[in-house]
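Sharing a structure, written as structure tokens. Questions coming.
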Amino acid sequence: MSIETEDPSEIDPAEILGSAIERREDPALITGDAEYTDDIQIPRMTHMAVKRSQHAHARIEDVDTSEAEAMDGVVDVFTAEDIDVPGSLPVGWLLETLEQVDHPILAGEKVRYQGDGVAIVVAEDRYTAQDALDAIDVEYERLDAVTDPSDALNGGPEIHDDAADNVAFEWEIGNADETEEAFEEAAHTVDLEVENQLLIPNAMEPRAAVADYNPSDNQIDLAMTTQNPHVHRLLMAGVIDHPENKLSIRAPDVGGGFGSKIHHYADEALTAWAAKQVERPVKWVATRSETYQTDALGRGHETHGQVAMDEDGNITGLKVDTKANLGAYLSTFAPSIPTYLYGTLLSGQYEIPAIHCEVTGAFTNVPPVDAYRGAGRPEASYIVERLVKHAAEHMDMDPAEFRRQNFVPGDAFPYETPVAMVYDSGDYEKTLDRALEMLDYEEFRERQEAAREEGRYLGVGFSAYIEACGIAPSELVGQLGAQAGLWESSLVRFQPSGTVTAYLGTSGHGQGHDTTYSQILASELGLDIEDIDIVEGDTDEIPQGMGTYGSRSAAVGGSALVQSARKVVEKAKKIAAHQLEASEDDIEFEDGEFRVAGAPDRSMHIQDVAGAAYLAHDMPDDVEPGLEASSFYDPENFVFPFGMHAAIVEVDPDTGEIDFETYVAVDDVGNQINPKIVEGQIHGGVAQGVGQALYEGAEYDENGQLLTGSMQDYTVPKAMHVPEMETDSTVTESPHNPLGVKGVGEAGTIAAPQAIVNAVVDALEPFGVENIEMPLKEERVWRAIHENGGDA
Amino acid sequence: MAEHDITLTVNGNEQELTVESRTLLVHALRDELGYTGPNVGCESSMCGACTVHVDGKAVKSCTMLAVQADGTDVTTVEGLDQDGEFHPIQEAFQEEHGLQCGYCTPGMMMTAVDFLDDHDDPGREEIREALEGNLCRCTGYQNIVNAVETASNKMGGSGAAAGGDD
Amino acid sequence: MYPGEFDYHRAESVEHALELLADLDDAELLSGGHSLLPTMKTGLADPDAVVDIGHIDAMTGIDHSGDTTTIGANTTYAEIADDDTLWDSVTVLAEAAGEIGDVQVRNAGTIGGNIAHADPASDLPAAALAADATLVAHGPDGEREIDVDDYFIAMYMTDLAEDELLTRVEVPHQGPEVGSAYVKKPSPSSGYALIGVAATLYTDGGTVASARVAANGAMDHGVRLTAVEDALEGMSVDDVGDAGEHAGDSLDTSMFMDDIQASAEFRAQLLEAYTERALERAADRVGVAATV
Ligand SMILES: Cc1cc2nc3c(=O)[nH]c(=O)nc-3n(C[C@H](O)[C@H](O)[C@H](O)COP(=O)(O)OP(=O)(O)OC[C@H]3O[C@@H](n4cnc5c(N)ncnc54)[C@H](O)[C@@H]3O)c2cc1C
Ligand code: FES
Ligand code: FES
């Protein structure tokens, strides 16, 4: 069911929106012409390396850099004592009970995770910089470490003086009393304890930065691996005490992010700061080991979930208690992830009258935990869908029908949940039915039965997921604690010859924005895609922006683009009317052409209008020369993509090996601007979900040492680990934005884990297995079978 | 600290350079010679982003000393297209949306070309196994497998017919 | 990330390599480099000198003359796995070489490097044991032959002396009534063997006359599974899978490898399952010229 791509030159602008055209960004990426941060070379460039703590928790007694400083090729060495700027990383989302703790860019007194930076070396080349790290001598007094949130909260060693019992915050949502009541009156209840393990994001390009400082005008040019250059500029200006308008941040080609390049880390700020100190360009590139030790982790929940039902299996209440691991410090958006991006999604696709959720955020000695693809929503979807599977089993009901019975009905939208969300639109039965059809569900159940007779164990798992993306509007998120607006900005500018450049504040890093945005603009302006250029990821060129994350680019960035395009058309219409000597009311705009109604031969193409606008020889009275417009688009609500993913697996009880038979994904992401790109996002998202379900997990020993410290030990799924996916989609437009789009970047990652875990649990039902913690390593599966006696 | 004068023929151009004993081939290519197509994604020889051909065989250029490669022919992704024409593998990756961020892509294509050189009409499982040494975090591999299949068809099922790699 | 500083020397011949080894302090041999360079990059190895033996032609290539195949130490896994004659004559070795790492690793890594390095999770120790290989070493006192059964001693430890070079591996050809196979449970992350089992069944009219069965990944070095071999003797080739249950019997299972990849207990379980698979596959091949 793979979607075929089309050659854009063969597509009419009127049809371009919704076409699976080939990507415009590909030629540079397939020829080696792309420019990633580490590809940048600047004359006199130096290389920075960071000396990191090998201990997860220790007091720093002494840092001796003398030997390193004396080495040939070493330009300078800096420690916390040299940092002459505020140098503390800010938190961008506050909660009422949040304990804000100092997060220095170089640790001076204490290190709180393995990988915390204690010194930096600037050297003539990268090899020497690394040699010099070995010559730095740090004396530590080791302290007890804790990596598990429950252990941290229950008498774990104190990590921050200001955070008693390692509590970062306590938060709740929903109605406790009503939920309590629902459980008291319930005919049936089930409960489940699940862990949502810590994940390492693993963008294939490690984080990197190149800073160039010009002392004569105090200008810092910083190229870095970022998903949001403007946000990084704003935050970094404060961290290194440099005027925001003298700090330019540019995202060259960026090799994936998945959230890990949103956050403001120490290293990029240190690169900029160091360039200012040594007055030479400075490059820093993380090694993979460094990304494993310092990239913000994802997930990290320990959750107890309970469901109340009436005698017919209608869900009447949901109670969730979560301990969230926040790591050693508060990363940029960390407080929002296990709270507003998690608790608010606990209604899933279901009509649940009463929900209550409590979350305690814990400091531990692992790297800071923040947004990773899905961010909060996978954790919510996981607990809900695992509980639903469990509840259906308890009721002895078919899991698909149990879901159908509890779905928010198609005519109930907009639907307000008990956890503060208003779902925009949806039709959940449609995706379920399509998935059942693709699975050949009834036939499967028969096969499953027959296989069990032969001692073979097949299982099917469902995941009816919902996500919220395009997080907004600014006023609302402000009330919830965001320290930023969540609008997006765009500027659409015609050149006099009729070509167009659009500038957007989002910052793509693999999503194909260049293509998608061109399609939107070609469609709005009736232009050939060849005449359109898209610029993203550069604070010098783009007026303002909030960046790319939370599946927001199409819904929020795309809408900002539409808004500017429409302003341009409005202005062009005035000029065209004037030029065509007609009343503005009589002008129609279609396929790039302004026509006088009823006089089809009197027309002017928008590209000619652009020429006229810049010539400005003959303009209407109240219209300025030039043809461009900018806008700030602030969405009125989130958008809520949804879908049904399902997996059929076979489990070998002797070895715990899991084989995929089928993986189906039916997604509804609203209108699709480029279905091929949408499909690619689903594929990639599912692969990361497969990773979480079966392979991935950051493991630490009792001293906080990372055991899965390299790709040799942490399984990033390989081609042979990922199943063939059958994808399909339904389209339920979002009424909230001019494109009717929802969002797709995170859907697959949110949906996949519970589909797979549910399938394995289903397969092992004859063994009495009710739960296995992710990742479902073969050994865990084998143990789960044998702990229950191993008899089917 | 020993230095060595070495000769590498990169994409058909003979290049002389001086390297330290420890300089890895990938850094000689990227930092000394400016071939930034091969990328570095790890230090454990696992990701394959740095894959190039040395004497026609796909190898991880981060796991070979530059001096070890002295006297060899090296092909990087920059050497795939010929006379302004994309190699079939490049066409296929674009047509099949076999890439997103593109970071893994140069290495992925170099491995695929070596594989297709000696495998006519491979099956999907076989392709997945062949790409074991190349990690991609973006695509979920499905469209990469499609691309390798498509490239195989374009190459007439016979890798030897394709230019750009010798 | 980057190797520490060292001096690189390229050896032109076996003699030259031995001279360099004798003259240089703290020197390591470099063949395919796919064990040495990763350990140098992470700082686990930091030699002062590296002697590159990878360009010594006399140590490269496969020769099938007579009833023995001789494989030069510098021969890559790809060359071994792509050798059709070897698939017929010593299936287990060709199959094991094809299971190693990935395409790129197989294009670079060498049989000599693998067997000299003796990583417990590597694939060739079991195959060499099951193939009844003879390892030929060159030292200051000339050449000597080492029986594979005397060769693997412990983790990264072999009978090879520090001043010796492994120059070639000799393996006897399987007869017509012999079948062999290598099966492997790879670690999903590293690709190395969590368990790998190699088996050669010597049969006579449908029963097993004798067998060589060996495993890597289980213990700290490649080992023969003698209890399995004993159980196989006299068994019908149709039932050989049953001998898998004896996989751990001759081993001290308390000494099994135990790490975050797999516990000792689970390795023991895998060892049984994979021994069964190896035996069945080897049996399938008895009398059949193996096809790739
Ligand atoms: C990503 C990756 C995946 C891998 N997966 C596997 C796998 O699945 N299975 C597996 O078995 N292996 C695997 N390996 C290891 C690989 O097989 C190595 O190539 C092998 O272990 C060593 O061979 P080499 O020729 O590369 O040796 P080198 O790295 O050059 O040398 C290794 C050691 O052996 C010594 N040595 C080398 N040659 C000789 C000689 N002729 N005489 C005496 N001493 C010598 C050297 O001094 C050195 O210490 C993998 C490696 C990588 C990088
Ligand atoms: S850089 Fe990862 S394998 Fe070479
Ligand atoms: S396309 Fe991004 S890693 Fe493969």
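The values are calculated or read from the model by the stated rules, or taken from the named source; none is laboratory data. Values in this document were obtained by computation on a predicted structure and should not be read as measured data. Every residue, glycine as well, gets a Cβ built from its backbone with ideal geometry; the counts of neighbours run over all protein chains shown. We work out accessible area using only protein heavy atoms, side chains counted, and drop any ligands, DNA or RNA first. Shrake-Rupley method; radii C 1.70, N 1.55, O 1.52, S 1.80 Å.
One line per residue, one yes/no per condition, for (1) surrounded by fewer than 19 Cβ atoms within 10 Å (Cβ to Cβ); (2) within 11 Å of chain B (Cβ to nearest Cβ); (3) of a type in the set (D, E, K, R):
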position	(1), (2), (3)
A:5	no, yes, no
A:15	yes, no, yes
A:19	no, no, no
A:30	no, yes, no
A:38	no, yes, yes
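Restrict the check to segment A:67-80 and report whether at least one residue is part of a loop (DSSP other than H, G, I, E, B) and either buried (at least 17 other Cβ atoms within 10 Å of the Cβ) or assigned by TED's automatic domain parsing to the domain that holds residue A:514 (or both).
no
Select, from A:526, A:459, the only residue that is assigned by TED's automatic domain parsing to the domain that holds residue A:668 and open to solvent by less than 20 Å² (accessible area, probe 1.4 Å).
Values: A:526 fails: assigned by TED's automatic domain parsing to the domain that holds residue A:668.
From the options A:526, A:459, the qualifying one is A:459.
Would you pick out the residues in segment B:132-153 that are in contact (Cβ under 8 Å) with a residue 60 or more places away in the chain and either within 13 Å of chain C (Cβ to nearest Cβ) or in contact with a Cys (Cβ under 6 Å, 6 or more places away or on another chain) (or both)?
B:133, B:134, B:135
If the Cβ limit is 6 Å and pairs must be 6+ apart or interchain, which residue in segment C:88-112 that is more than 11 Å from every other protein chain (Cβ to nearest Cβ) pairs with which residue that is within 16 Å of ligand 2 (Cβ to nearest atom) and assigned to a loop (DSSP other than H, G, I, E, B)?
Final answer for the pair search is C:110/C:32.
Further, regarding this structure: Could you list, in sequence order, all residues of segment C:259-278 that are in contact with a Leu (Cβ under 7 Å, 6 or more places away or on another chain) and either open to solvent by 20 Å² or more (accessible area, probe 1.4 Å) or over 10 Å from residue C:194 (Cα atoms) (or both)?
Let us first name the residues in segment C:259-278 that are in contact with a Leu (Cβ under 7 Å, 6 or more places away or on another chain), namely C:260-262, C:267, C:270, C:275.
Answer for segment C:259-278, where residues must be in contact with a Leu (Cβ under 7 Å, 6 or more places away or on another chain) and either open to solvent by 20 Å² or more (accessible area, probe 1.4 Å) or over 10 Å from residue C:194 (Cα atoms) (or both): C:260, C:261, C:275.
Ok, one more. Of a type in the set (Asp, Glu), over 19 Å from residue A:324 (Cβ atoms) and either at pLDDT 95 or above or in contact with a Gly (Cβ under 7 Å, 6 or more places away or on another chain) (or both): does that describe residue A:379?
Values: of a type in the set (Asp, Glu): yes; over 19 Å from residue A:324 (Cβ atoms): no; either at pLDDT 95 or above or in contact with a Gly (Cβ under 7 Å, 6 or more places away or on another chain) (or both): yes.
Judged against the criteria, residue A:379 is not a match.
Exactly one condition in (1) crowded, with 24+ Cβ neighbours inside 10 Å; (2) charged (D, E, K, R); (3) away from chain B (no Cβ under 12 Å) is false for residue A:787; which is it?
Of the numbered conditions (1) crowded, with 24+ Cβ neighbours inside 10 Å; (2) charged (D, E, K, R); (3) away from chain B (no Cβ under 12 Å), the odd one out for residue A:787 is (1).
Looking at (1) over 22 Å from the mean Cα position of the chain (by Cα); (2) crowded, with 22+ Cβ neighbours inside 10 Å; (3) hydroxyl-bearing (Ser, Thr, Tyr), which is the only condition residue A:730 fails?
Status for residue A:730: all satisfied but (2).
Tell me whether segment C:173-187 contains one or more residues that are under 30 Å from residue A:719 (Cα atoms), within 16 Å of ligand 2 (Cβ to nearest atom) and crowded, with 20+ Cβ neighbours inside 10 Å. Let's see the steps before the verdict.
Initial filter on segment C:173-187 (under 30 Å from residue A:719 (Cα atoms)): C:180-187.
So of that shortlist, the ones also within 16 Å of ligand 2 (Cβ to nearest atom) come out as none.
No: zero hits.
Moving on to the next point. Taking the condition among the aromatic types (Phe, Trp, Tyr), in contact with a Gly (Cβ under 6 Å, 6 or more places away or on another chain), in contact (Cβ under 8 Å) with a residue 40 or more places away in the chain and buried (at least 21 other Cβ atoms within 10 Å of the Cβ), does residue A:169 pass? Working first, answer last.
Values: among the aromatic types (Phe, Trp, Tyr): yes; in contact with a Gly (Cβ under 6 Å, 6 or more places away or on another chain): yes; in contact (Cβ under 8 Å) with a residue 40 or more places away in the chain: yes; buried (at least 21 other Cβ atoms within 10 Å of the Cβ): yes.
So residue A:169 passes the test.
So how many residues does segment A:456-504 have that are hydrophobic (A, V, I, L, M, F, W, C) and over 21 Å from residue A:752 (Cβ atoms)?
Filtering segment A:456-504 for residues hydrophobic (A, V, I, L, M, F, W, C) gives A:458, A:460, A:462, A:464, A:466, A:468-469, A:471-472, A:476-477, A:480, A:482, A:484, A:486-487, A:491-492, A:494, A:500, A:502, A:504.
Filter once more, so that each one left must be over 21 Å from residue A:752 (Cβ atoms): A:471-472, A:476-477, A:480, A:482, A:484, A:486-487, A:491-492, A:494, A:500, A:502, A:504.
Residues flagged as hydrophobic (A, V, I, L, M, F, W, C) and over 21 Å from residue A:752 (Cβ atoms) within segment A:456-504 amount to 15.
Turning to a different aspect of this structure: Cβ-Cβ below 6 Å, separation at least six or inter-chain, first residue in segment A:123-136 and in contact (Cβ under 8 Å) with a residue 12 or more places away in the chain, second in a helix (DSSP H, G or I) and crowded, with 20+ Cβ neighbours inside 10 Å: which pairs?
A:123/A:129; A:123/A:132; A:132/A:68; A:135/A:68; A:136/A:68
Go through segment C:101-112 residue by residue and tally those that are open to solvent by less than 10 Å² (accessible area, probe 1.4 Å) and either under 24 Å from residue C:281 (Cα atoms) or within 16 Å of ligand 3 (Cβ to nearest atom) (or both).
1
From the set of residues in segment B:141-159 that are under 27 Å from residue A:746 (Cα atoms) and part of a helix (DSSP H, G or I), which is farthest from ligand 2 (Cβ to nearest atom)? Step through it out loud before you land on a result.
We begin by selecting, within segment B:141-159, every residue under 27 Å from residue A:746 (Cα atoms); these are B:141-148.
Narrowing the set further to residues that are part of a helix (DSSP H, G or I) leaves B:142-148.
On the way: B:142: 22, B:143: 22, B:144: 17, B:145: 20, B:146: 24, B:147: 20, B:148: 19 Å.
Among them, the one singled out is B:146.
Find the residue count for segment A:447-497, including only residues that are among the β-branched types (Val, Ile, Thr) and within 22 Å of the chain's Cα centre (by Cα).
Just the residues of segment A:447-497 that are among the β-branched types (Val, Ile, Thr), to begin with: A:460, A:466, A:471, A:477, A:492.
Restricting the remaining residues to those that are within 22 Å of the chain's Cα centre (by Cα) gives A:466, A:471, A:477.
Residues meeting the conditions: 3.
With respect to residue B:138, is the statement that it is away from ligand 1 (no atom under 16 Å from the Cβ), assigned to a loop (DSSP other than H, G, I, E, B), of a type outside the set (Ser, Thr, Tyr) and over 18 Å from the mean Cα position of the chain (by Cα) true?
Values: away from ligand 1 (no atom under 16 Å from the Cβ): yes; assigned to a loop (DSSP other than H, G, I, E, B): yes; of a type outside the set (Ser, Thr, Tyr): yes; over 18 Å from the mean Cα position of the chain (by Cα): yes.
Considered against the rule, which asks whether it is away from ligand 1 (no atom under 16 Å from the Cβ), assigned to a loop (DSSP other than H, G, I, E, B), of a type outside the set (Ser, Thr, Tyr) and over 18 Å from the mean Cα position of the chain (by Cα), residue B:138 comes out as yes.
Right, another one. Do we find that residue B:70 is within 15 Å of the chain's Cα centre (by Cα), over 27 Å from residue A:715 (Cα atoms) and within 14 Å of chain C (Cβ to nearest Cβ) in this structure?
Working: within 15 Å of the chain's Cα centre (by Cα): no; over 27 Å from residue A:715 (Cα atoms): yes; within 14 Å of chain C (Cβ to nearest Cβ): yes.
Taking the combined requirement at face value, the residue does not satisfy it.
Here is a further query. Can you find a residue in segment B:23-34 that is farther than 30 Å from residue A:515 by Cβ, open to solvent by 10 Å² or more (accessible area, probe 1.4 Å) and at the interface with another protein chain (Cβ under 10 Å from one of its Cβ atoms)?
Checking segment B:23-34: at least one residue is farther than 30 Å from residue A:515 by Cβ, open to solvent by 10 Å² or more (accessible area, probe 1.4 Å) and at the interface with another protein chain (Cβ under 10 Å from one of its Cβ atoms).
Just checking, which of A:207, A:126 is within 16 Å of ligand 2 (Cβ to nearest atom), open to solvent by less than 10 Å² (accessible area, probe 1.4 Å) and not hydrophobic (A, V, I, L, M, F, W, C)? Quick ask: steps written out before the conclusion?
Details: A:126 fails: open to solvent by less than 10 Å² (accessible area, probe 1.4 Å).
Exactly one residue qualifies, and that residue is A:207.
Of the residues A:638, A:642, only one is within 20 Å of residue A:490 (Cα to Cα) and either among the small types (Gly, Ala, Ser) or surrounded by 22 or more Cβ atoms within 10 Å (Cβ to Cβ) (or both); which?
Values: A:642 fails: within 20 Å of residue A:490 (Cα to Cα).
That would be A:638, the only listed residue that is within 20 Å of residue A:490 (Cα to Cα) and either among the small types (Gly, Ala, Ser) or surrounded by 22 or more Cβ atoms within 10 Å (Cβ to Cβ) (or both).
Something else now. Being touching a His at 6+ places or on another chain (Cβ under 9 Å), buried (at least 22 other Cβ atoms within 10 Å of the Cβ) and outside any helix (DSSP H, G or I) is the requirement here; does residue A:551 meet it?
Values: touching a His at 6+ places or on another chain (Cβ under 9 Å): no; buried (at least 22 other Cβ atoms within 10 Å of the Cβ): yes; outside any helix (DSSP H, G or I): yes.
Here the answer is no, as residue A:551 does not meet what is asked.
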